[in-house]
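**Q** First the structure, then my questions, so here it is.
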Amino acid sequence: MGEDGESPKINHSFLRDYVTEADVISTVEFNHTGDLLATGDKGGRVVIFQRESESKGETDELGESGEYNVYSTFQSHEPDFDYLKSLEIEEKINKIRWLPQQNAAHFLLSTNDKTIKLWKVSERDKRPEGYNLKDEEGRLKDFSTVTSLQVPILKPTDLMVEVRPRRVFANGHTYHVNSISVNSDGETYLSADDLRINVWHLGITDRSFNIVDIKPANMEDLTEVITAAEFHPQHCHMFVYSSSKGTIRLCDMRESALCDKHSKIFEEPEDPGNRSFFSEIISSVSDVKFSHSGRYLLTRDYLTVKVWDLHMEKGPVETYQVHEYLRSKLCSLYENDCIFDKFECVWNSTDSVIMTGAYNSFFRMFDRETGRGVTLEAWRESSKPRAVLRTRRVYTGGRRRRGDVGVDKDLVWA
Amino acid sequence: MSACILVFVSTVLGCHYVVRLLPLWLAGHRDRSRPAMFSKGTKRKFSDGEDEMPDDGLAGAKVASSAYSLQRQSLLDMSLIKLQLCHMLVEPNLCRSVLIANTVRQIQEEMTHDGSWQVVSDSLGVEGSPSERLVATEVLCRSPSPSSTLSEQELERDTEPRLYSLVSYDDSSCREEEVVAEVIEDDNEALCSEAASNVCLSGTMSHCWEPGELRVQQNNDDICEDSRLGSGDEDVDVEEEDEDEEEEQEMSQKESKTMGQVFGTFEIKNGSSGSESALEELFSDVDASYYDLDTMLTGMQSTPKIGPYDLLDNLGPSHGPTSIGSTANCRSDLNELDHIMEIIVGS
C-alpha cells in the first residue's frame, strides 16, 4: 500500500476486524466556521466532530487546535426498498451540506440516493427544575402536598447534543442523487440526480421545482448525464452543473422556468494528439465547485483539476495534472473499473490553494500563485495533531529517490 | 476473471465470441507496452506502425494496424461484458453505463469507418467453414422432437443465404458454437443441449435483462424459435458481398437495442406489466418439449457460479430431478445432437 523502506511495516489486519463496510466514510463536509466536521458513511450514519477549543496561551498564538472530537452521532438514512422497481435503495450518505447558521442550532442536509433530510443539531446544557405539578422524576404530584408555588429554575447539566429530523424531502428523484447545494438566499436548495435537477424550499417537503431535465425522450439516445451541481455563492439565481462529457453549464433561473438551455457552457476543445477511446471517460467531470469569490470554477476530471474563469468559456485558465502517470495505464484502469472513480476538489478559504484526492491515500494541493503542486499522504500512523504530513513523490522516470512510489507496483495494482 | 467463469458468463449472456478473444485480451493486459499503443488515436495508428518497422514498410504497418484492430476488438468485447454485467447489479450506475455505451459506439463508428468488420471474423481464427457452423447453430436452436427429421433435411439442402442472415441477426451465435464443440469433446451431450438453448439467448439479448435475473431457460428457447423464424423469411436474398454492410447494420441495430435495453430497463422496471404481456404473446405457440429438456437441466440454474467443467461433473442422472418420460425424450434428443456434432467435428 505504498509504504517505502523507511517506515516499519504496520500490521493493519487487526483494524479490519473492527472496521466494516458500513463504516467506510462516503462524504465529509466542514461547516462555515470550520468548528464542526460532518462525515457520512455507507451505513447511513452521520458523525459530527467538533473542534477542540483550547484556551492555552501558546495555542492562541499558533491558531486553532487541530483536534476534533466526536460531537454527535445519528442514523440519518436507513436501507430502503423500492417496491416498484424491486431494487434496494442504499442508505449510503452521498452528500452533506451545512446551512448557514442563524441561531444557536446547526442545520444540515444529508442525502442518500433518493431522499434528502434536514437535521437540526442543538445543544442542551441546562434543564429546568422545580416544577409545581411534577416531581423530580416527572410523575404527577399529589395536589394535596403542594402548599406553595415556585418558579422553576434552569440548572446546568451535562452537555447533551440532540439531533432531530426536521424535514424529509422524499420522492423527488427517479435517479441517484449526486449533489445538493444550499442557495445563498437561505431558503432554497437544489438537488441533482443523473438526469434532473430540482429546487426545493427548505420549508416545503411535498413539492419541488424541476429546473433541469436532460432525459431524452428515448432512453436509447442517452449519451450524457449530470455529475455535479452547485449554486453560485452570491447570486441566488445562478447555478452550474457538470456532465459526463466534460462540459460545465452555467444557468440563470431568471431566464426561464426550465433551465435546459444554458446561459454559458464551459468546454475545453479536445486535444487531437491525446485522443483515444478513453478520452470521453477521462474528461467526465466528477466534481465542480465555485470559488469563494464567485469568480472562478474548479472542476475535477479523472487526471486533472482545472480552474475556469466564469468570464471565459472556451477553456480553463489553469490546469493542474493530478496523476498524469496514469495516462498510459488507461486501458488497465478501464478494465478494473478504476477509470470510473470519482474524486472531489475544493478551494481553501482564500481561493489561493486548491486540493483534490488521488489514489493510495494521496492527495494533491496546488498553489495557484506559484503553480506548484505537492503530494501528501493521509497516513494514519502520523496522525498526531498538527503533525506535518509527509510529502510523497511518484516515480515516473529519471533518478529514483528513496521513498518514491512506483506506479505499477504500488499505485495502480495496490 | 478466469477463463472458466467467463465461459459461463458468456454462455448465459450470449456474448460468446468473447471466449475466443479472451487470450488476446489477457495478452494485451499483461504486456505493459500494449496499452500505450492502444491509447493512441486512429490518426497515429499507421505512423506508429511505420516507426516501429521502417524496414518492412507496408508489411510492418499492416501488422501494427492489425494488432491495433485486435486490441480495439478486445476493448469492444470488454465493454459489452461490462454493459451486460452492470445491468445485472442491484443498482446499476447510470453514469458508468452511459460512458461504457459511448465507448462502444465510438469503437463501432471507427470500425465502420475503417470497413473492418472482416477483421472481427478473421481475428477469431475459427476452424471450419462458416456454413458448417451456422447449420449446427440452427439445428441446435431448433426444438428437438417435432422437427428432428427436418433437421437432417435442412442439413442437406443449401440453406446458406438463410443461415447467413441468422449470423447477422444474432452476431454471436456462430461463435457460441465454439464452446459447444469444446464441451462435446468432453462427451457430455446434455451440456450441449443446454449450451444450444443458451445460443438462442444471443439473438435477443433483451430477455436476459428482464428484472429478476437470469430468465428461466424456456423463455430463451422460445425466443430463439421466434427470432429464427422471423429472420429466415426476411433475409433470404442476402449475398456475401453485402456481408460487411449487413453486419454493420445489424451490429448497430443490435447495439442500439443493447443501449435501449441497458437504459430501457431503468424505465422498464416502472412499467414491467406491459412488457410481460408482450412476452406472453411471444411464448404462446411454444413447443412443449423444451420444458422437458429444461427440467432436466434445472440443476445448472441453481449453481451459476460453477465453471463449465464443474457443470459437466454435476450433470448426471443422479442430479437430474426429472421423471422417466423426460429422460427418454432427452435420450432421443441427445442421439440427434450426437449425430450433428459428429458432422461438425468431422470425426
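**Q** Out of all the residues in segment A:135-142, is one or more surrounded by 14 or more Cβ atoms within 10 Å (Cβ to Cβ) and small (Gly, Ala, Ser)? Reasoning before the result, please.
**A** Start the filter on segment A:135-142 by keeping residues that are surrounded by 14 or more Cβ atoms within 10 Å (Cβ to Cβ), which leaves none.
No, the conditions are met nowhere in segment A:135-142.
**Q** Taking segment A:385-414, which residues are more than 20 Å from A:Glu324 (Cβ to Cβ), surrounded by 10 or more Cβ atoms within 10 Å (Cβ to Cβ) and at pLDDT below 70?
**A** Of everything in segment A:385-414, just one residue is more than 20 Å from A:Glu324 (Cβ to Cβ), surrounded by 10 or more Cβ atoms within 10 Å (Cβ to Cβ) and at pLDDT below 70, namely A:Arg386.
**Q** While we're looking at this one, here's another question. Need at least 3 residues that are at positive phi per element, so show me which strands (runs of 3 or more DSSP E) inside segment A:72-150 make the cut, counting only ones lying wholly within it. Walk me through how you get there before you give the answer.
**A** Working: elements: A:80-82, A:87-89, A:95-98, A:106-111, A:116-129.
So the answer is none; nothing clears 3.
**Q** Can you list the strands (runs of 3 or more DSSP E) found entirely within segment A:176-268 that contain at least 1 residues being within 14 Å of another protein chain (Cβ to nearest Cβ) and without any contact (Cβ under 8 Å) to a residue 60 or more places away in the chain?
**A** On the way: elements: A:179-182, A:188-192, A:196-201, A:209-213, A:226-231, A:238-243, A:248-252, A:264-266.
Here the list reads A:188-192, A:196-201, A:226-231, A:238-243.
**Q** Continuing with the same structure: Could you list all residues from segment A:262-289 that are of a type in the set (Phe, Trp, Tyr) and surrounded by fewer than 19 Cβ atoms within 10 Å (Cβ to Cβ)? Working first, answer last.
**A** Restricting attention to segment A:262-289, the residues satisfying the condition of being of a type in the set (Phe, Trp, Tyr) are A:266, A:277-278.
Scanning segment A:262-289 gives no hits.
Each row is one residue, and each column tells you yes or no for (1) more than 27 Å from A:Ser26 (Cβ to Cβ); (2) surrounded by fewer than 19 Cβ atoms within 10 Å (Cβ to Cβ); (3) among the acidic types (Asp, Glu).
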position	(1), (2), (3)
A:Thr299	no, no, no
A:Glu313	yes, yes, yes
A:Pro316	yes, no, no
A:His323	no, no, no
A:Leu330	no, no, no
A:Gly371	yes, yes, no
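**Q** Within the bounds of segment A:321-337, is there any residue that is away from chain B (no Cβ under 14 Å) and either under 30 Å from A:Ser263 (Cβ atoms) or touching a Ser or Thr at 6+ places or on another chain (Cβ under 8 Å) (or both)?
**A** So far as segment A:321-337 goes, yes, one or more of its residues are away from chain B (no Cβ under 14 Å) and either under 30 Å from A:Ser263 (Cβ atoms) or touching a Ser or Thr at 6+ places or on another chain (Cβ under 8 Å) (or both).
**Q** For B:Ile107, work out the one condition from (1) surrounded by fewer than 20 Cβ atoms within 10 Å (Cβ to Cβ); (2) modelled with pLDDT under 90 it doesn't fulfil.
**A** Every listed condition holds for B:Ile107 apart from (2).
**Q** Does segment A:267-277 contain at least one residue that is within 23 Å of A:Val28 (Cβ to Cβ) and of a type outside the set (Gly, Ala, Ser)?
**A** Within segment A:267-277, the first condition is being within 23 Å of A:Val28 (Cβ to Cβ), and the residues that meet it are none.
No; the residues of segment A:267-277 include none that is within 23 Å of A:Val28 (Cβ to Cβ) and of a type outside the set (Gly, Ala, Ser).
**Q** Follow-up. Being in a loop (DSSP other than H, G, I, E, B) and either touching a residue at least 60 places away in the same chain (Cβ under 8 Å) or of a type in the set (A, V, I, L, M, F, W, C) (or both) is the filter here; which residues of segment A:160-172 pass it?
**A** A:Ala170
**Q** Give me the residue from segment A:269-282 that is under 20 Å from B:Met78 (Cα atoms) and in a helix (DSSP H, G or I) and, out of that set, farthest from the other protein chains (Cβ to nearest Cβ). Give the derivation first.
**A** Residues of segment A:269-282 under 20 Å from B:Met78 (Cα atoms): A:275-282.
Right, trim to in a helix (DSSP H, G or I) and you get A:279-282.
On the way: A:Ser279: 8, A:Glu280: 6, A:Ile281: 5, A:Ile282: 10 Å.
Looking at the filtered set, the residue picked out is A:Ile282.
**Q** Then there's this: Looking only at segment A:193-215, which residues are within 27 Å of A:Lys120 (Cβ to Cβ) and of a type in the set (D, E, K, R)?
**A** Listed by number, the residues that qualify are A:Asp193, A:Asp206, A:Arg207.
The values are calculated or read from the model by the stated rules, or taken from the named source; none is laboratory data. This is a predicted model, so every value here is computed, not measured. Virtual Cβ from ideal backbone geometry, glycine too; neighbours counted across all protein chains shown.
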